[in-house]
Structure formats: structure tokens, C-alpha cells
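Enquirer: Shown below is the structure under consideration.
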Amino acid sequence: MFITTTLFNLVASTCPWAFRGLRYLLVGGEALNPYSLRQVLQSSPPQHLINGYGPTESTIFATTHEITLDQLTGESIPIGKPINNTEIYILDDQQQLVAPSQLGGIYIGGTGLARGYWNRPEINAQRFIVADVNKNNTLRRVYNTGDLGWQRSDGVFMYAGRADNQIKLRGHRIEIEKIEAQLLESQFLKSAAVCVIKKENIEPYLTGFIVPKDPDSFSKQELTQWINTRLPNYMLPQLVVIGHIPVTHNGKIDRAHLLEECLENQEQQLLPQSSTQMSEEESAILNIWQQVLDSYDLTLDSDFFQSGGSSLQAARLVVEIRRKMQRSLSVQNLYDAPTPRKLVESLQQNHQEDIDICTVMLKDGVLPLDIQPLSQPLQPWLTPNTGRVLLTGATGFLGAFFLRDLLLQPEINQVTCLVRAHDNDAALLRVKKNLNQYGVWQDEFLPRLQVIAGDITEHLLAMNPQTYKRLSVECDVIFHLAAHVNYIQPYSAHRAGNVVGTLNLLRFAVSEKVKSFHYISTIAVFGPAGLLSPISTIYEDDDIMPYLDAMRYDSGYSQSEWVVERIIWQARDRGIPLSVYRPGFIMGDSQTGAGNPNDSIARLLKGCIEIGAYPLLVNQRREFVPVNYVSSALLNISRDNNRLGRAYHLVTPDNKHSVDFNQFFELLKQCGYQLNGLDYSEWLEKLEADPALVDNPLMPLIPILSEKIYGQLTRWEMYENMPAYDAKNTNIALKRIHKLYSPMDSHLLERYLSYWRRIGFLS
């Protein structure tokens, strides 16, 4: 028997035993849902449950795979191996084969392929292509399915979702099928479909259309609470209860119909809010609030962040208030006064701050008395008898390369990665996907890789006591790379992830067995050095205390890093073995060009390219360093316990080769991009006047780019005439590997730009 996925999900949620009399059940048409499969396989399953994959263009099925319960531990379901006379290829955007286990587009070839679409030559040219996919000078005609997937080491293909269902939202790549799977996992629903709502001048957001099993007893609040514990904030959809999920004539979810229905319903909510008992200012701010959040049932007492507001939307709110009301405020003001009523009161009081941020930083920067060193001797961590690592930040950019470099060391017995996820399988998948996207994953890593779902901000790192104790005994070294980095959010939003998280890891470092602790900080810990007093050079072992006053003008992220370092140096003075590493701005891999399209430099480059201009800033050192150099330096310095107790600047080895922002944009012009250098205020005016500002990657940074922080200087302008960062400690430790450092020049920048063009970040 064959049944479509949509119908299978419906039957599985209502009568999962319905298939028990079948020998073979084939399911296909859309991605299978792990929860629905589990419901059927745990009840009275058919003898064989087959996942059939293949679009109509390949004549019914292209691959098949029998699904068993033990295969349902992860979030992805195998689609199997090709049937006879069929070929499957995983290709990149250039129609080149990707490495094993690397994510790419699924292409189908073979005798079952259709000739094409009737009288649709343009679509035929896009979908049916001829390419030398095997690189053997043999052209093959293949079909681009529009699906994403990868091939396991055993030859089985895995499905990762539709390319057009993988969206970028709030800087994160999201697969809507995973959200649907989690909604169904709640067991409250009969069916669910998630869509991306895109409206002009509104940040895209997710809406989940849900059909309850029991409408009379269903509680949307209960489902919301359940899903909040399973998904990160950026994946949480607005929930809309409907009577049924519409399907196309092929039995697939009719997302176009759902979107049309949603937008029609929202248009009915656009009636102006009653301004009864509201001041003119309250009414104006509430209307801006509603427009930014695209929700028209908000009141004067609706909390911006509890109503689903993101940091990007917070930035847009600040911009809109300045544009429409000619009132200046910062994102910090919004965190302090997160409702329209409180924000109006704050504006009327002229944002008077009761607590000085430096006082808060000093108070938080005290090492608790319960963190005390152990009396045991410290053993070398990279030997055949040790080599057990705890790593945080494996889902970050530097973390991907450092995890790769660790697992390439033969002395490493095990790397345990602590990752935020709802279970260990989901945590492992996050790590694999992160390494895959930069091309550094290898299936051979799996035997020595342990990924545990946890949270550094929680007690015992959100592990059960048994797991926590076992890891405390096993681990020989800790590399703390995880950090909450958001240049818009204030210190209070960074405190838990950075300050509390580091304290919890220091407690782990002195639990059961002594372990060396390696912390990745940033040169931004010195803030706008030279702002309050002239300084020419910052040395690695300089005390950070003299830089506190200048930190009051810096970002919440930099302030949190200052507090963390203050704590860490107290831990060193108590006798805890540790080192601190301060990278400059981490760029892509100098060999492959693979870089992070979500960081601030990527945003700056793309944003300036889109408006054809860049700001002229005097002597703004950014200390660009390749990620592979930073990873290699960290690994090599940390090998020797004799190097503990110091700080290391991971910057340009010779500061004569440092590149400032003006020089950086000159290099960009050498790479073929036509941009004009403008005075900062002119550049900012041009950016804010951009008709496409809502889509410009710099839009979320407008508040910090425009807010006057020190006299008439914005936060960015405060960094002019920066001192040099001395790297004597680093240079001594890395005498043999400085050949790995690649200075920033037009050739290296073009390698980065080429990668970003390849992945579609730049045109």
C-alpha cells in the first residue's frame, strides 16, 4: 500500500494501529515525521514500513529505505539508496560533488528521469541540467530536486529538507520541517504546518497552523509552554488554530493557501487602535510597537520581548521611533522599559539611569568563594593516557575549526561538546551541521566525539549529577569558546551566557579532578582604549582594571568580557591553572575562504556594497586574523602547561602588517567593488536613507551606529586612533607555526569574497 506523508501523519495521530495488517507500507511525497513514525512502529506496525523518496520528475520513487525504531533517534530520516537504473548526487551550488557527509543539493539521474516540462523551456533549463558531476569527462543529465541532503559513510542518503523551506531568520538558518516535527511531538495536535510570513517592511516571522486532536480541551498556552522548552527563541512560531490543513491534489501541504488565509485574517486586524485614555505619545509608540511586531492585539502593558520581539526587531523599533517621533533612545532603554507605557515614562524622564554600569561590572566581577583550586598536581592533557577534552562553542564559527583540529590529533581520546539542544541526538546534529557548512566535518570523527545536551548557564551545566560527576573525573582540559555575542543587546542580556556560564565552567574545572582551563576572550576587553587617555601599545599581561572607565561607553558584549576576565584572573591568583586568548577579528579560512556570513564584518561589507559607500575612519585597527590561524595557535599554545597563567593576543604577529578599516575598504575596491569613502555622518545618512534599509544587513546595527555615546562620537567613532596590540607571549610560543598566518591583502580578501559569492551571500 502507498500513502502520502500528510495522510500518514493524520492516521498516525488518530489510529496508529491502522496499518497492522499490511506487509508493505510505502510512505512518500514529503519528509517523514519521526514522531508519526514512532507512533506507528510502537503500536501494531506493518511488517515493512518503507520511506519512498522521489519527485514526480523521476517517476514515483528514486530511493527507498526501510524504517525501524532504532533509526528514529535523530531529527533526520534516511531516504535510503537509489533504486535500479537511478543515480543520486549531492552537489554544491556550482554543480560539483560535495565531500561525504557534507550538505548539498539532491540531484537525480538515470533512465527514470522525465524529459522535461511541457512548453516550459526556462524551468527546464533551471531544473534539468547536463553536467560532468563525476569529474570523468562524462556528461550526465540530472534533475535538481530543490531538496537538501547528505550521504552517510555507509552510502545511505539523508534528507535535510527543502532548500526553499530553509530560511534565514534573525541570523539563523531554520528548517521549518523540524518545527513541525516538534509541534507534533507534543501529542496535542492532529496535524501542523509552519509557514514563513513575509510582508513589506516587516521582519519575516514564523506562523504555525495547528489542528488540535481535541479542540474542546486544547490549550494553546499549554502547547506554547511545551514548545518553548524544545526550541530556541528564534524558531518559535506564532500559533494559529485552524480546522484542517489544506492539501494540494498531490496530497502535499498547500502552504500557498495557508499563507493567503493568514494574510487575509491579519488584514482584518489593521483597524486603528482606540486611543481612549492614551496620550498622543503613548498612542504613537504603541502603533510603532504593533507594526514592528506585526501584532495588533498588543496593549500599553505588552512586554516587547515576551511578545516575541527579537534583538533585530528591537533595533528596528529604535530606528522607527527616531524616524517618526524624532526621539532618541538606545536599545538599553528598551530593555530597561520593555512596555510602551514604561518606555514613554522613560522618554519623559530623559532615560535617567539609576545604576552606573561600571558599578554593576565591578560587583559582578568577583570570584565566588566556593571556587577553590584542588591540591592535585596538573597532568599534561595531550598524551595517550589523557587526551579527554570538554569543549564549549562547537556550534560556533571558531568552534567548528577548533573541533576539527582537535580530532585530527592522534593523542585525543575523546572530545565532549556541550551543546544547547533538547536531547543528545539533536545536539550531535547541530555540531555536524555546523562543521559541514564550513566543509570541515569527517565521519571518522564520530568514534572520538561525544556531544551532550546541556546549558552552561544552568546548575551542573544542565546535566544530571551522574553525568556531571563522570565528566568531571574523565576530562583533562576545558576549552571555553562559547559566548553570547550581540552588539545590540546590553550587558544585562549577556550576563547569563558569558559571566554566569564561565563561573559554572570554573566550578566544573575544580570538581573531582584538576583540569586546565583555556578561555577565549577578545581584544575588545580593553574597550575603546585611548579614548580617555592616549596610549600607543596594549601588552598581553596588562591589567584590565585601568580600562574600566572607558568600558562604560562600549557594547554590552565587551562589558561582559571585561567582567569575565576580571573573574578569571582572580581564579588564576587562587591557583587555578588557566590561560586567556584574545583574538582579533576572526575572518575565514585562509586556505578555503570559508567564512561566517553572519558576523559584523560580513554585515558591514555587504551593507556598504549595497549602498555603494563606506565610512572613512582614522586608524581603526581591526586585527583581522584567519580562523585556521587562531585555531592552530590556540591548540599549539595550550599543549604546554608551562605556558599557563598568561594572556595571549592572537593578532597580526607583526603589527606593522595590521590593516585598518580605510585600508580594508581600499582592498575591497581592488577586488572590483565600486564604493565611495564618505565622512562618517554622511555615510550614516546615506545608509538610513536607503529605500531598501529594512533588508540591508546593517539595519539591525543602526542604533549603535547612530547613538552618540561620548560627546558627539558614536560607539564606532570612539575606536579611532587605536593602539597596537603587542603579541610577545604569542610570538614566543608560536615560533614554529607563524608560517600559517596569512596577512590581509587583496588576494586573501578575494578568497573570502569568492566563498561568500559561492554560498549566495554576495551577488
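Throughout, read-outs are computed from the coordinates displayed, never taken from laboratory work. Keep in mind that this is a model prediction, so the values were computed, not measured. Cβ sites come from the backbone with ideal geometry, for glycine too, and all protein chains shown count toward neighbours.
Enquirer: Round to a whole angstrom and tell me the spacing of the C-alpha centers of the stretch 497-546 and the stretch 98-168.
Expert: Here the answer is 48 Å between Cα centres.
Enquirer: Which whole-number percentage describes the relative contact order of the chain, with Cα contacts under 8 Å and a sequence gap of 6 or more?
Expert: 9 percent
Enquirer: Quick query: amide H of residue 578 versus all other amide H atoms, modeled in the peptide plane; which residues come in under 5 Å with a sequence gap of 5 or more or a different chain?
Expert: 517, 645
Enquirer: Principal axis extents for the stretch 556-708, Cα atoms only, whole Å, descending order, please.
Expert: Largest first, the stretch 556-708 extends 56, 35, 27 Å along its Cα principal axes.
Enquirer: Could you work out the helix-only [θ] at 222 nm for the chain, with each DSSP H run of four or more residues adding -39,500 (n - 2.57) and the total divided by the number of residues, to the nearest 500 deg cm²/dmol?
Expert: Values: 25 runs with 247 residues, N = 763.
My calculation for the chain gives -9500 deg cm²/dmol from helical runs alone.
Enquirer: Tell me, 14, 207 in order of fewest to most beta-carbon neighbours within 10 Å?
Expert: Placing the least packed residue first, the sequence is 14, 207.
Enquirer: Give the dimensionless ratio obtained when the Cα radius of gyration of the stretch 419-544 is divided by 2.2 N^0.38 Å.
Expert: 1.28
Enquirer: Amide H to amide H under 5 Å from residue 724: which residues, 5+ apart in sequence or cross-chain, H placed 1.01 Å off N in plane?
Expert: HN-HN under 5 Å from residue 724: 537, 538.
Enquirer: Which links in 363/513; 220/342; 513/728; 606/669; 190/432 stretch past 20 Å when you go from one Cα to the other?
Expert: Working: 363/513 29 Å; 220/342 28 Å; 513/728 32 Å; 606/669 13 Å; 190/432 31 Å.
In this structure, 363/513; 220/342; 513/728; 190/432 lie more than 20 Å apart at Cα.
Enquirer: Can you list the equivalent-ellipsoid semi-axes of the chain, largest first and in whole Å, using the square root of 5 times each Cα gyration tensor eigenvalue?
Expert: After diagonalising the Cα gyration tensor, the semi-axes are 43, 34, 28 Å.
Enquirer: Once the principal axes of the Cα atoms of the stretch 280-348 are found, what is the range along each, listed largest first in whole angstroms?
Expert: The Cα atoms of the stretch 280-348 stretch 24, 24, 20 Å along the principal axes, largest first.
Enquirer: While we're here: Assigning unit charges at the beta carbon (Lys, Arg +1; Asp, Glu -1) and nothing else, what dipole magnitude in debye, to the nearest 20, does the stretch 462-539 show about its Cα centre? Could the numbers behind the result be given before it?
Expert: Numbers: 6 positive and 3 negative charges, 37 e Å.
The dipole of the stretch 462-539 has a size of about 180 debye.
Enquirer: Write down the Kirkwood hydrodynamic radius of the stretch 2-162, to one decimal in angstroms, obtained as one divided by the mean of 1/r over all alpha carbon pairs.
Expert: 16.6 Å
Enquirer: Can you work out ³J(HN,Hα) from phi for every residue in the stretch 410-419, in order, using Karplus 6.51 cos²θ - 1.76 cosθ + 1.60 and θ = phi - 60°, giving whole Hz and x for Gly and Pro?
Expert: Per residue, the Karplus-derived 3J(HN,Hα) values read x, 6, 6, 8, 7, 10, 9, 9, 9, 9 Hz.
Enquirer: Would you mind checking which residues have amide H under 5 Å from residue 613's amide H? H placed 1.01 Å from N; only 5 or more apart, or other chain.
Expert: It is 676, by chain and number.
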